[in-house]
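Everything below concerns the one structure shown next.
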Amino acid sequence: SRSGLIIEEAEDVASEYDGSEVNIMMKPGEVRGFCFPMEVALKQNPDAVMWSIAKTEGNKITLVKVEDQKAIAGRPFIIINGDTTLYQANAAPVAVKVKHNYTISAVEPQASGLLRGSFDSETVGAGAIVMSGNGFNVTKSSSDAVGYNSAYIVSEEGFDKKTAVEVVLDKEAEDGLFIPSMVAL
């Protein structure tokens, strides 16, 4: 008798499982920007909503819900985890469930209007807007940076760190969520 390894071609196995579910830890009421090199979707989150920028007019930024709560690979987005008035810096974070594809299909982050993404830690300088805590904050220093898989907002002129920027939800998207109307300076 012969002994040894026999290799046969396997048949395709049908599966609806196209990715992995992970938890992003966020505090209730927290606002953060993200950008991933694969498609991601929010799953089973009663409070968290995925947003993008619909338009800007001067110092006014209008956010719109991301269609199907799914961001394509490399496209930056913002998650607002419930009512921002409930945010407490010392609160325990809760899990926001995100499903992602296995396939990394974006080599570089894409811009979505004024919303930019970063796969690596990146210096954004003064005059950009970063999402942190429960608000949108104008960066003040030329050395201000964002972390890995983050998103931030820029304009060609830069946002004046001494002028408040108004952030509003698209009228058709209002669903009881509250976001701060002015950027914390």
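What follows is calculated from the coordinates using simple rules that are stated; it is not laboratory data. From a predicted model like this one, the values you see are computed outputs, not experimental measurements. Every residue, glycine as well, gets a Cβ built from its backbone with ideal geometry; the counts of neighbours run over all protein chains shown.
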Could you give the length gained by full extension between ASN90 and GLN110, i.e. 0.36 nm per residue of separation minus their alpha carbon distance, to one decimal place?
3.9 nm
Long-range amide H partners of VAL96 with built H, under 5 Å:
ILE24, MET25, MET26
Amide proton proximity set for SER132, modelled H, under 5 Å, gap of 5+:
ASN137
By the C-alpha gyration tensor axes a ≥ b ≥ c (rounded if a/c is under 1.5, else prolate when a/b exceeds b/c, else oblate), the shape of the stretch 42-109 is oblate
The set of residues whose placed amide H lies less than 5 Å from the amide H of ILE61, leaving out same-chain residues fewer than 5 positions away, is GLU166, VAL167, VAL168
Go through LYS70/LYS140; LYS65/LYS97; LYS60/LYS97 and tell me which ones have a Cα-Cα distance over 23 Å in this structure.
LYS70/LYS140; LYS60/LYS97
Within the set of other residues whose C-beta is less than 13 Å from the C-beta of VAL31, count the net charge using Lys and Arg as +1 and Asp and Glu as -1.
-1
